[in-house]
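This is the structure I have questions about; it appears just below.
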Amino acid sequence: MARNARIVIVGGGYVGMYTALRLQRKLGADEASVTVVDPQANMTYQPFLPEAAAGSIEPRHVVVPLRKTLRKCHILTGRVTAISRERKEVTVESSAGNVSQLGYDVLVVAPGSVARTLPIPGLAEQGISFKTVAEAIYLRNHVLSRMDDASSTIDRELRRKLLTFLVVGGGYAGVEALAELADMSRYASRYYENIEESDLRWVLVEAAGRIMPEVSAPMGEYTVKQLLQSGIEVFLDTRVKSMEGGHVVLDDGTEFDADTIVWTAGVKPNPMLANTDLPRDDKGRVICSAELQVEGSPEVFSAGDCASVPDLSKDDPEAKTSPSAQHAVRQAKQLADNIVAHLRDQTLKPYKHSYAGSVASLGLYKGAAEIYGIKLKGFVAWFMHRTYHLSRMPTFNRKFRVCSDWTQALLFRREVVSLEQIHEPKAEFTRAIGLPPPAPKQD
């Protein structure tokens, strides 16, 4: 049995946090020390981001503070910029700008993924991603501020642009963000004298022939019907050609202006992996065995969005697990157990999951779910969505706070206040001391 092993975990997301949480429960203080390295000192539970953006959950409650949760681990706030298996060390750039080398005996590579972008004219200037709490807060304020601006202008074309909202990408993130924000904006419209629900235009564009590939085709079709019944326009088998200046051009010839463009068209492995000597596949993911060990390095483990892990639940030997929160949480459990087995010279077990199903929220009190082959719709599916993700939320503290938020939202409904000024907190102060206000940022 190894003693005083140095375990370094790169990334504090699903895989990193859940792995560290399980390791601190299973390993004694004399067996190993665990260090988690991440630019943020918290883990974001991304399935709750749409509700945080819509105001059903307090944004602070969808993040889990690492220092408070991982009390037996060392938390290093910094960014890993390189990994060397040969020297068994990682290069860390701290938030203060200091660069240091961190040695390891066991390494977990779990930096996660970033938004997958395409060379579309105008995307960098107009697109808003949806992977962090900051982006969820920004998007909520952005949508409400556009409604404020639209209610104050007499320019019809500008008003139409301000009240047009586009979401690109029909996966879980895109559909749930679209449904929640559309619900929020429709609810907020009752407080505007000159904005009706019919004035709001929400558009979903998906390059594939269906949305939410994680569920069966019939459930995907049901979801599209629900979105259409809610007044949301859905374009399938369609790609965005350009969005310069907010003028959106689709490859089917459709053109319109939108002042809000949310980009959720997939993810790609963290680009940091290019600065490592880890083996990667053609998609840039770290190549792993079913035991979640990196190819050629039994002391290096990986899982989650950045890892290419064999999917043993399928007959196809080339099948890999998809980048999803469900896989990440389950893999973290097996990964932690395999690290313990590795340190104790025991047999490692392969990661093999049984497909339980999928759940998705389609706005307040609406959902779609498929559990063990049983299809659920409407309120029941929405309730299953909340119940499942609440059960996956780490720590009783966060579970209780999320439940409290839901209870308050049920009793008092949504808050529809825009805090756009948080993006320029010093603007009023600079005006007060006679300096010109900062130039507005491009959305």
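Which percentage, to the nearest 5, of the DSSP beta bridges contained in the chain is antiparallel?
Bridges in the chain that DSSP calls antiparallel: roughly 50 percent.
Please report Cys306, Cys73, Cys403 as a ranked list, fewest other C-beta atoms within 10 angstrom at the top and most at the bottom.
Cys403, Cys73, Cys306
Translational D (Stokes-Einstein, µm²/s) of region 65-142 at 25 °C and 0.890 mPa s when Rh comes from the Kirkwood sum over C-alpha pairs?
154 µm²/s
7 Å from Cα along Cα→Cβ at both Asp105 and Lys283: what's the point-to-point distance in nm?
3.4 nm
Would you order Phe301, Phe48, Phe412 from fewest to most other beta-carbon atoms within 10 Å of each residue's own beta-carbon?
Phe412, Phe48, Phe301
What are the residues whose amide H is under 5 Å from the amide H of Ile57, where those residues sit 5 or more places off or on another chain and H is modelled from the backbone?
Ala52
If each residue of separation counts as 0.36 nm, what is the full-extension length gain between Ala82 and Ser152 once their alpha-carbon separation is subtracted?
Contour length minus Cα-Cα distance gives 20.1 nm.
Test of understanding: extend the Cα→C-beta vector of Ala96 to 7 Å, then name every residue of region 64-78 with backbone N under 16 Å from that spot.
75-78
Sticking with this one: Tell me which residues come under 5 Å, amide H to amide H, from Ser308 once H is placed; ignore anything under 5 positions away on its chain.
Val286, Ile287, Cys288
Related question: Whole-Hz ³J(HN,Hα) for each residue in region 336-351, computed from phi via Karplus 6.51 cos²θ - 1.76 cosθ + 1.60 with θ = phi - 60°, x for glycine and proline: what do you get?
Result, ordered by residue: 4, 4, 6, 5, 4, 5, 4, 5, 9, 6, 10, 6, 7, 10, x, 7 Hz.
Under 8 Å for C-alpha pairs, at least 6 residues apart: give me the relative contact order for the chain, rounded to a whole percent.
Answer for the chain is 18 percent.
Determine the gain in length on full extension of the stretch Glu255-Glu196; use 0.36 nm per residue of separation and subtract their C-alpha separation, reporting nm with one decimal.
18.9 nm
Enter the per residue convex hull volume of region 1-114, computed from alpha-carbon coordinates, in Å³ rounded to the nearest integer.
Enclosed volume per residue, from the Cα hull, is 115 Å³.
Among Trp406, Trp263, which comes first, then next, by fewest other beta-carbon atoms within 10 Å?
Trp406, Trp263
Amide H to amide H, which residues 5 or more places from Ala32 or on other chains are under 5 Å from it, using H placed in the peptide plane?
Asn4, Ala5
List, in the order given, every pair from Lys283/Lys320; Lys131/Lys268; Lys349/Lys375; Lys366/Lys399 whose Cα-Cα distance in the structure shown is over 23 Å.
Result: Lys349/Lys375 exceed 23 Å.
In addition: What is the helix-to-structure angle for 133-151, meaning the angle in degrees between its Cα long axis and the longest Cα principal axis of the chain, kept from 0 to 90 and rounded to the nearest 10?
0 degrees
Values in this text are rule-based calculations from the coordinates and carry no lab data. Predicted, not measured: the structure shown is a model, and the values here were computed from it. As a convention, Cβ positions derive from the backbone with ideal geometry for all residues, glycine included, and neighbour counts pool all protein chains shown.
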